[in-house]
Structures are given as structure tokens and as C-alpha cells.
1. So what's the back-of-envelope 222 nm ellipticity for chain C, counting only DSSP H runs of four-plus at -39500 (n - 2.57) apiece and dividing by all residues, rounded to 500?
2. Quick check: Cα centre of the stretch C:83-137 to Cα centre of the stretch B:341-412, how many Å?
3. What distance in nm lies between label points placed 7 Å from Cα along the C-beta direction at A:Thr20 and C:Ser97?
4. Can you list the residues of the stretch B:56-90 whose accessible area drops by at least 50 Å² going from the chain on its own to the full set of protein chains, with a 1.4 Å probe?
5. For the interface of chains A and C, what total accessible area is buried with a 1.4 Å probe, rounded to the nearest 100 Å²?
6. Determine the total buried accessible area between chain B and chain C, counting protein heavy atoms only with a 1.4 Å probe; round to the nearest 100 Å².
7. Only counting protein heavy atoms at a 1.4 Å probe, give the residues of the stretch C:166-184, ordered by number, whose accessible area falls by 10 Å² or more when the other protein chains are present relative to the chain alone.
8. Just read off the accessible area of B:Met338 with the full protein assembly in place, 1.4 Å probe, to the nearest 10 Å².
Amino acid sequence: MAQHKVNYTQNAGLPVALTTIDKVVNWGRSNSIWALTYGLACCGIEMMASGASRYDFDRYGTIFRASPRQADVMIVAGTLTKKHAEFIKRLYDQMTEPRWVISMGSCANTGGMFNTYATVQGVDRIIPVDLYLPGCAPRPETLQYGVMLLQKKIRAEKAIKSQKTKRLM
Amino acid sequence: MQHQNRLRPFFENITFDRDDNEMILNFGPQHPSAHGQLRLMLHLQQEMITKAHPDIGYLHRGMEKMAENMIYNEFMPTTDRMDYIASSSNNYGFALAVEKLIGLEVPRRAKVIRMLLLEINRLMSHLFWLATTALDIGAMTVFLFAFREREYLMDLIEDYCGARLTHAAIRIGGVPLDLPDNFIADMRRFLDKLPENIKDYEDLLDTNRIWRMRMEDVGVVSKEMALSWGCTGPMLRASGVAWDIRKEEPYELYSEVEFKVPVSDKGDNFARYRIYMEEMRQSAHILYQVADMYEETIKNNQTDLMAHAPKYISAPKIDIMTQNYSLMQHFVLVTQGMRPPVGEVYIPTESPKGELGFYINSQGGPYPYRLKLRAPSFWHTGILTDLLPGHYIPDVVSIIGTTNIVFGEVDR
Amino acid sequence: MRAYTPKDDVQAKSYYTDRFYVSPQVAKQDVSSDEVFAADLEAIKAKFEVLEAYIQVEQMVVYINAKDNVDVIKLVKEELDYTQLSEMSAIDWIAKSGQFEIFYQMLSMGKRKRIRIKCFIGKDEAINSVEKLFRSADWSEREMYDMFGIEVNNHPFLKRILMPYDWEGYPLLKTYPLEGDEFAAWYEVDKIYGKEARDIIGPEIRDTARVDRYDSERFGRLGHEVPKGTKITGNEPKTPLAYQEEGGVFMIDRFDEEKSVIITDRNR
């Protein structure tokens with residue numbers, strides 16, 4: 001575990017800063033990624049662990065929200081079954097733009113070890129996915145790394161340009 | 001082109017403008033306090049539930065079907081994903097069932113290590129239960145506290161097998177690895193601090209007015225109801241039946257360790273909470289004794305970790321690398337799988353949630369002909385049908401919390 | 001000529017079995033070897049026909065006629081103190097004899113004994129529900145119906161429980177493949193987007209050995225990530241442990257490994 005010391009008066013703690021709107025908007029978006037509590041299976045437990053005391057997700061600005069209408073990112077943590085498939089689509093549709101999806105764990109990526117009749121072989125058959133995290137289950141560190149990569153991705157987007165709606169088809 | 005969304009409400013045929021005041025509330029399948037993917041359809045009269053209809057299967061992954069298509073050793077990692085809060089207890093249940101089927105005796109050191117893993121898993125599971133239930137009822141601090149202790153246990157397990165959640169730490173015929181050097185010392189250090197931690201939780205909860213109001217006399221399961229619904233584990237013991245498989249039908253080394261089985265005759269949420277807390281203390285008590293047993297095996301030089309049965313179990317790595325016959329056996333066992341005798345077996349074990357049973361029907365082939373997983377949570381979810389009517393909406397959350405259901409195991 | 005594959009059992013089969021291999025049996029003891037079980041068996045035999053009974057792995061197995069199932073379980077529950085129905089389900093023997101085998105796993109807490117009551121029913125026959133005796137059978141019988149399609153008489157709510165209500169096929173039958181049939185393969189696409197979306201979304205990738213070369217290269221290259229679509233030369237420099245863009249981010253201090261303190265003692 002690393003403890004990081006920041007001197008806010010020295011580096012970027014200026015009371016006045018000049019920048020572009022793009023950067024400000026992206027700064028806001030990328031540092032307050034609110035995630036939907038979407039723990040479906042085992043990975044959901046690791047997602048909870050990332051939110052709990054040791055891994056402390058709050059320092060990334062990632063706060064779990066129970067309503068899709070308040071969430072920016074949907075972390076699909078666990079196996080998506082055929083019976084559940086319609087609900088993930090419904091919840092995804094309820095999220096406001098811009099929205100992102102992290103597919104956490106092998107089951108969500110490809111169906112994983114559950115190569116059976118009841119499992120959807122990858123959530124990207126239902127909704128568009130931005131980031132795939134490997135592992136069964138991925139460690140909380142992996143999820144945090146994934147969120148950092150998502151932040152990087154968000155910062156690379158043009159914030160003021162009209163967002164292209166993400167659709168699977 | 002954007003296609004028309006074809007999803008329609010599930011309740012097409014139900015009209016909501018009825019003459020009486022009955023309302024239907026859909027709860028789940030994605031609800032933060034449903035402990036997974038439980039869907040409840042509640043018929044409400046004002047805030048009172050008149051009828052509850054739990055709908056499960058949102059995490060049905062076809063494990064029984066997978067078992068029919070996998071060789072016995074291949075199925076072991078799949079059992080991890082049943083009760084994923086305490087993976088090793090599932091591994092153990094399956095390993096024990098297959099060992100009973102082929103009539104195998106496990107070396108003592110392996111038994112000791114298995115006991116350690118089982119009890120660590122029980123502690124992990126109970127801590128997790130406490131964390132989530134407290135969070136659902138609104139006690140956020142307890143969630144953070146209990147997860148902190150759970151992380152220490154995760155570290156221990158990680159030291160042993162390298163995984164945090166899905167351990168696959170037990171093999172048919174023994175355990176794959178010996179304990180790492182610092183394991184016992186680390187565990188003792190954790191256990192020494194545990195009573196203090198449990199006291200912290202109790203200080204926060206026991207006299208907490210909100211906690212007591214939401215737990216006491218809520219969700220009362222009578223003895224008859226618990227027996228009729230097939231409840232086991234803490235659900236049954238909170239209803240006044242002193243039945244713990246570790247005590248009554250001892251497996252492994254449970255007959256050699258001393259522990260108490262907490263029982264309550266109240267049957268409400270609070271009784272279940274007290275039982276979980278007491279079981280954590282008893283688990284710690286068992287772990288101290290097992291740690292001594294482990295040191296004894298070192299003293300007696302009992303180093304075997306896997307049973308010796310060349311027909312079913314691969315030889316130790318050193319033999320495989322040096323002896324031709326062992327290598328051939330290993331090759332056959334890995335590619336074709338072991339072929340247990342023809343017969344069937346049902347072996348119950350006491351998992352943290354209750355009676356975890358594996359029914360295996362073998363026809364002498366490398367694949368089980370039928371494997372039925374008897375998961376305790378399945379019936380603990382079913383009992384909600386009878387338990388919820390008469391309660392209010394907020395009670396639903398606390399009742400689901402104390403039944404301690406895990407959906408990997410309910411739906412399998 | 002194409003090799004014939006049997007259609008009545010599509011589960012995995014061992015690809016090689018020694019012709020002379022005779023599999024051993026799990027030992028069966030006579031019921032008289034255990035006095036508790038012997039007394040129980042006598043009590044059942046006094047009223048009902050028992051086809052076969054033995055003890056296997058410390059549990060008694062009793063075969064009865066399917067029509068007696070409710071009465072036998074009632075007797076066992078009320079007079080012999082088997083107060084809990086731990087488990088019940090079925091086994092598919094259709095390929096062999098056209099029958100289902102149904103088992104009831106019972107537990108007596110007073111005697112600390114477990115028995116298994118079994119019966120056979122034909123392929124299209126129904127079994128009587130024991131839900132009135134044990135509430136736990138409510139869900140077990142629904143699961144059995146869901147998985148095998150066995151109808152249960154007198155059941156209060158016989159509907160699918162694990163699979164969706166509009167599912168077709170019974171998954172645990174031996175004729176049902178592990179990876180599902182045509183209906184299962186397109187279930188979610190048909191339901192959410194409609195049949196005409198099948199071409200756009202494409203079939204499921206069920207081949208576990210399939211490797212997309214470019215995917216796997218990107219997957220395994222932690223610290224060598226490249227943007228999507230970049231041609232991988234194999235000579236990408238290793239990016240050091242930093243999760244931010246070059247040049248830093250607005251108002252955010254960059255993580256510096258050198259300046260961090262590593263805590264090793266967790267009980268600090």
C-alpha cells in the first residue's frame with residue numbers, strides 16, 4: 001500500500017487556473033465516476049471490497065449509486081444469464097448520457113467458464129462495452145486500474161462536441 | 001437505424017387500478033439490498049405485505065449440467081462459484097462426497113489444513129454477512145469495520161492458495177499445498193485481535209435502538225416452519241433446533257475439537273444475529289485448537305498432503321517427474337479423469353450458511369451421471385414466501401439480510 | 001460415411017474406455033446390519049410394497065412404487081421421525097429404460113440418520129406432490145419440473161423457477177446439450193432486439209479454444225498498452241507505472257512512485 005503526499009499549494013493548488021472548457025468538463029467527469037451497484041455474482045463481492053475500507057474507492061470519486069439514473073458507469077460485475085439479459089438492457093437505457101460500461105471478469109467478458117445454455121456469452125451482445133477486465137474474479141486492484149484507464153479514456157474525449165450516442169446496433 | 005425496443009413490462013396482465021387498495025411492488029432483480037439477484041413480487045395492503053412471491057433463477061448458470069459434462073477434478077473450480085463468499089467450504093463438500101464415493105482416507109495433515117480453511121471461510125462468510133446486513137439496515141460503520149477484518153482473512157487465504165475469492169484450495173484426496181511458513185503466526189495474530197473486533201461490532205449494534213427495533217421480533221421463524229422448509233444452519237438453530245452437522249455427524253476432525261453450538265428459541269432476526277456473532281467466536285476457538293494440531297503434525301513428521309490411491313489420485317509431483325508409471329497414471333487421470341465405482345452418495349457438510357450436500361450418482365464413467373447440489377440458501381429463499389406476509393416493507397430488507405442467502409448457491 | 005452419434009444422450013462421453021474394464025461397485029450392506037434402519041424398513045414394509053432396500057455409504061436407500069410416494073413419506077415423517085426433507089430431485093434414465101428416477105433425501109434429527117426414498121416413473125407420467133407434508137418440496141418440485149419437465153400432481157404453483165417462464169426445453173434432460181439448443185442460443189437477442197437483429201449481432205462464440213491474435217496480444221500487455229487499431233510492432237517501449245497521460249492532467253497531481261511511502265506492516 002502506498003501513501004502519497006501532495007502539496008496542494010505547490011503543484012496545482014492555484015486559486016486561479018486558465019484552461020479550456022474541454023478540460024474542465026472532462027476533469028469533472030473523469031473524477032466523479034459514479035458507478036451503478038450492479039453486482040451480479042462473485043465479482044460483485046470484489047466490487048464491494050473495492051468500495052470498502054481497505055481499497056477505498058471513494059478517493060477516485062467513484063461512489064456507488066443504487067439508481068441507474070444517477071450513475072455514469074455501469075460495472076457489470078458477474079455472470080449475465082439469459083434470464084437477466086433484458087434487465088441489463090433496461091437499466092442501461094435508463095442511464096443518462098454520457099455513460100460508460102466496464103465489463104468486469106471473465107463471465108461478463110465472454111461467458112467465461114460458464115459455457116452453458118443459461119449464460120449470455122459476453123455482455124457486449126446486449127450493450128456496448130468500453131473496458132474489459134480480465135480475471136475470475138479480478139482483484140480490487142484490477143478494478144481500480146480499470147477505472148483509471150476509463151478516466152484516461154474520458155479525458156481523451158471531446159467534451160463539448162455533441163456526444164455520439166453509443167449503440168450496439 | 002435504432003431498432004424498436006421490444007422489452008415489455010413483466011406484469012402485462014395485471015391491472016393496477018383495482019377496487020381494493022392492493023398494490024404490487026416489484027423488488028429486484030437488481031436491488032442493492034437483495035444480496036444478489038433476488039426478485040420479489042410483493043402484494044401490499046397499505047405498507048403491509050399480504051403475499052410474497054420470490055422469483056429466482058437470475059443467476060442460474062447450469063452448474064449441475066456442467067458437472068455432467070466435466071471430469072471430477074475439472075468440476076472443482078466450478079464449485080467455488082456457488083457460495084462465493086466461502087468458496088473452500090464448497091470445494092470441501094464436493095471433495096468429501098467424491099472421497100466417500102471412492103472410499104478414500106485423507107492424511108491427517110491434509111485434514112488439519114482443510115479444517116483451517118473451512119473455519120477461516122466460516123469467519124469470512126459471517127463477517128461478510130455482518131457487513132452487508134448492517135449496511136442494508138443503515139449501519140455503515142459496521143460494514144467498514146467488518147470488511148477490514150475480512151481483508152486480513154483474505155490475505156491469509158491468499159498466502160495459502162494465491163486467490164482471494166475463488167480459492168479452489170482443496171483437492172479430491174487432500175490439499176495441494178502445505179501451509180506457508182508464516183501462516184500460523186499470522187493467523188494467531190489475527191485471532192488474538194478478533195474478540196476485540198467482535199466486541200466493537202457488538203458495542204455498535206447490541207444496544208443500538210434502531211438495530212434492535214428492526215431486528216427484534218421481526219421475521220420470526222417457528223420451529224415447525226423451519227423444519228418444514230428444510231432450513232439448516234443458523235436459520236434452524238435460531239429457531240430452537242440444536243442441529244449442527246459438525247457436532248451431530250462429525251466429519252474431518254470436528255470430533256476432536258471442542259466447541260459449542262449456539263442455539264436460540266426466539267427465531268427472530270435478532271436471534272440469528274446473535275448466533276452469527278457467537279459462531280464467529282466459536283470458529284476462532286476451533287482455529288486455535290487446529291493451529292495446535294498442525295504444529296503436532298509437524299512434530300510427528302506427518303508430511304503427506306494427498307491420499308495414496310494410484311487409481312484415482314495422481315502421485316506427488318516428485319514421483320511424476322522421476323517414475324515412469326506415475327507419469328503414465330498422471331497422464332491418464334488428467335486427460336481421461338478418474339473413474340469412481342458405480343454407486344451413489346449424498347454427503348452433507350455444514351457450510352457457513354447451512355447444510356451443503358452433494359448428491360453424486362456415478363455410473364463408473366469419468367463423468368458423474370447426475371450431480372445434485374443441495375444448497376442451503378435455496379430453501380432459505382423459499383421460506384420468504386411464508387415469512388414475509390404480515391411484515392412491512394422495511395422489514396423485507398432486514399429479513400433478507402438475516403437469512404444470509406447467496407445467489408450463486410440459490411440458482412447454481 | 002459419417003460416424004453415428006447417439007441422439008438420446010448428448011452429454012460428454014469418455015473418448016476411450018478399456019474394453020475389459022469392469023467398474024467396481026460402491027459397497028451395499030444389508031439393511032439388517034443396522035438395527036435402526038432395520039426397524040424403519042419393517043415399519044415401511046408393513047404397509048407398503050418395498051421393491052429394494054440396502055445401505056450405501058451409511059444411508060438407507062428404499063425403492064418404493066411411485067403411487068405410494070406421498071403415503072410413504074407421510075409415514076416416514078409422522079411415525080418414524082424423519083422430520084426434514086433435505087433434498088429431492090430426479091435422474092434421467094430415458095435413454096436406458098424410458099424412466100425417471102425420483103429421490104427424496106430425508107433426515108431424522110432425533111435418530112441422526114438419513115434415508116433416501118426412491119421411485120421410478122415413466123417418461124410421460126406425473127408424480128404426486130409431497131408439498132402438503134414438507135413445504136420445502138414446493139420449490140424442489142418446481143425445480144424438478146423446470147429441469148426435467150416432470151409434471152407434479154396437486155402442486156399449488158407448478159411453474160418454472162430457475163429458467164424464464166417463456167423458456168423452451170428442459171435443460172437437465174440427457175437429450176439437451178450443455179451449450180443449449182437453437183432457441184437458447186438466440187434467446188436474449190430475440191427477446192431484446194428481435195429476430196431481425198440476429199444477423200447484426202451474430203452467433204455466440206462458444207469455441208473455448210478460439211484465439212483472436214490481436215485481442216490476446218493486447219490482453220497480455222500490461223504496461224505496453226496501445227490505442228485500439230494501432231499496428232503492434234512488438235517493439236513498444238514499456239510504459240512505467242503511471243496511469244495518466246503524458247504532460248499531466250488539469251488540477252491533478254501525478255502519482256510518483258519515488259515519492260510514495262510503502263507500508264509493509266499492516267498492523268501499523
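The values are calculated or read from the model by the stated rules, or taken from the named source; none is laboratory data. This structure is a prediction, so every number in the text was calculated from the model and none was measured. Here the Cβ positions follow ideal geometry from the backbone for every residue, glycine too, while neighbour counts run over all protein chains shown. Heads up: the accessible areas ignore ligands, DNA and RNA and are worked out on the full protein's heavy atoms, side chains in. Shrake-Rupley method; radii C 1.70, N 1.55, O 1.52, S 1.80 Å.
1. -6000 deg cm²/dmol
2. Here the answer is 16 Å between Cα centres.
3. It works out to 7.8 nm between the two label points.
4. Correct list: B:Ile56, B:Tyr58, B:His60, B:Arg61, B:Lys65, B:Met66, B:Glu68, B:Asn69, B:Arg81, B:Tyr84.
5. Protein heavy atoms only, the A-C interface buries about 3800 Å².
6. Counting both chains, the buried surface is close to 5800 Å².
7. With the partner chains in place, the stretch C:166-184 has these residues losing at least 10 Å²: C:Trp167, C:Pro171, C:Leu172, C:Lys174, C:Tyr176, C:Leu178, C:Glu179, C:Ala184.
8. Probe radius 1.4 Å; accessible area of B:Met338 about 10 Å².
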